[in-house]
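Visitor: So that we are looking at the same thing, I have put the structure below in structure tokens.
The values are calculated or read from the model by the stated rules, or taken from the named source; none is laboratory data. Keep in mind the model is a prediction, meaning the values are calculated, not measured. Don't worry about glycine lacking a Cβ; one is built from the backbone with ideal geometry, like all the others, and counts go over all protein chains shown.
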Amino acid sequence: MTPTASASRVFFFDIDNCLYAKSVGIYREMGKRIHAYFQTLGLPDAEASRLHHKYYTEYGLAVRGLVKHHNVDPIAYDKVVDQSIPLEKYLKYDQELRGMLEGMSGVKKWAFTNAYQVHAMRVLELLGIRDQFAGITFCDYSLPDFACKPDPRYYAQAMRDADISDPSQCYLVDDSAANIDMAKQLGWTTVHVTDDPESMHGDFQIQCVKELPSVLPEFWAARN
């Protein structure tokens with residue numbers, strides 16, 4: 001992470017399936033590993049699928065449900081799920097993405113993820129953009145009742161981390177409709193990264209994060 005001069009506005013960027021395309025395959029691979037973890041608890045295939053979906057929907061992360069209802073150690077879980085994925089197989093340095101982030105002016109850029117720190121840093125490093133963010137808010141699995149999006153406590157934590165108190169000066173770029181909806185409810189400006197052409201979530205909708213300058217061009221005015 002690289003410190004930046006203080007800015008009155010903060011852009012919070014989700015990481016997974018947002019800074020890279022969902023189609024690269026990490027989402028699918030992670031889903032397989034989460035499902036396999038549920039099965040290690042002795043759950044039959046159908047029940048594992050049901051609980052995976054239920055916990056993700058209710059808690060924002062499947063692991064939160066596993067911790068709450070199955071006494072799972074989230075750090076151990078992370079090692080065999082997120083940390084076991086060979087990210088270098090799916091991600092590479094993205095010059096276009098880096099250029100877009102470098103071109104932003106007058107804002108602080110902050111990574112805001114539901115992942116644990118290890119996975120988040122690996123992704124940012126492989127994409128070649130780790131130094132583009134002033135900091136990161138990640139799910140701290142070491143805490144007994146860690147929060148994650150779309151829990152409003154987690155948005156408040158991100159604002160504290162990024163040293164900003166006015167929600168009207170906060171922007172969220174995220175692929176999750178639930179996360180976008182909560183941010184908008186809290187007064188943030190929101191950009192939904194989605195392949196759904198009919199999405200009505202957020203203030204703006206784009207198919208790829210690299211399209212961000214097309215909906216908020218004022219933050220790239222200095223480079224034009």
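Visitor: Can you list the strands (runs of 3 or more DSSP E) found entirely within the stretch 154-211 that contain at least 1 residues being over 21 Å from PHE133 (Cβ atoms)?
Guide: Details: elements: 170-174, 189-193, 204-206.
Here the list reads 204-206.
Visitor: A further question on this structure: Which of the residues that make up the stretch 185-209 are of a type outside the set (A, V, I, L, M, F, W, C) and surrounded by fewer than 17 Cβ atoms within 10 Å (Cβ to Cβ)? Reasoning before the result, please.
Guide: Going residue by residue through the stretch 185-209, those that are of a type outside the set (A, V, I, L, M, F, W, C) are 185, 187, 189-190, 192, 194-199, 201-203, 205, 207.
Scanning the stretch 185-209 gives GLN185, GLY187, ASP195, ASP196, PRO197, GLU198, SER199, ASP203, GLN207.
Visitor: Next question. Within the stretch 108-121, can you find the residues that are surrounded by fewer than 22 Cβ atoms within 10 Å (Cβ to Cβ) and over 20 Å from SER176 (Cβ atoms)?
Guide: Result: VAL118, MET121.
Visitor: A further question on this structure: Of the residues that sit in the stretch 36-79 and are within 20 Å of the chain's Cα centre (by Cα) and surrounded by fewer than 17 Cβ atoms within 10 Å (Cβ to Cβ), which one is farthest from CYS148 (Cα to Cα)?
Guide: Here the answer is LYS79.
Visitor: Mind listing just one residue for me: the one in the stretch 1-26 that is hydroxyl-bearing (Ser, Thr, Tyr) and at pLDDT 95 or above and, of those, nearest to ASP196 (Cα to Cα)?
Guide: The initial filter retains those residues of the stretch 1-26 that are hydroxyl-bearing (Ser, Thr, Tyr), namely 2, 4, 6, 8, 20, 23.
Now drop any that are not at pLDDT 95 or above, which leaves 20, 23.
On the way: TYR20: 16, SER23: 14 Å.
Checking each candidate, the answer is SER23.
Visitor: Collect the residues in the stretch 185-201 that are in contact with a Leu (Cβ under 8 Å, 6 or more places away or on another chain) and within 14 Å of PRO150 (Cβ to Cβ), keeping them in residue-number order.
Guide: Our first condition is that a residue be in contact with a Leu (Cβ under 8 Å, 6 or more places away or on another chain); within the stretch 185-201, this holds for 188-191.
Selection gives TRP188, THR190.
Visitor: Would it be correct to say that GLY103 is within 19 Å of LYS149 (Cα to Cα) and in contact with a Pro (Cβ under 9 Å, 6 or more places away or on another chain)? I'd like the intermediate steps shown before the answer.
Guide: On the way: within 19 Å of LYS149 (Cα to Cα): no; in contact with a Pro (Cβ under 9 Å, 6 or more places away or on another chain): yes.
The answer is no for GLY103.
Visitor: Can you spot a residue in the stretch 103-116 that is in the same structural domain as CYS170 (by TED's automatic domain parsing), farther than 22 Å from ARG153 by Cα and of a type in the set (Ser, Thr, Tyr)? Working first, answer last.
Guide: Looking only at the stretch 103-116, we keep the residues that are in the same structural domain as CYS170 (by TED's automatic domain parsing), and these are 103-116.
Remaining after also requiring farther than 22 Å from ARG153 by Cα: 103-107.
Filter again for of a type in the set (Ser, Thr, Tyr), leaving 105.
Yes, there is a match, as at least one residue in the stretch 103-116 is in the same structural domain as CYS170 (by TED's automatic domain parsing), farther than 22 Å from ARG153 by Cα and of a type in the set (Ser, Thr, Tyr).
Visitor: Picking from TYR59, TYR77, TYR55, which residue would you name as being outside the structural domain of LEU126 (by TED's automatic domain parsing) and within 27 Å of LEU126 (Cα to Cα)? Even if it seems obvious, please write down each step before you answer.
Guide: On the way: TYR59 fails: within 27 Å of LEU126 (Cα to Cα); TYR55 fails: within 27 Å of LEU126 (Cα to Cα).
From the options TYR59, TYR77, TYR55, the qualifying one is TYR77.
Visitor: So which residues in the stretch 81-103 are crowded, with 17+ Cβ neighbours inside 10 Å and free of Cβ contacts under 8 Å to residues at least 60 places away in the same chain, if there are any at all?
Guide: Result: VAL81, ASP82, ILE85, LEU101.
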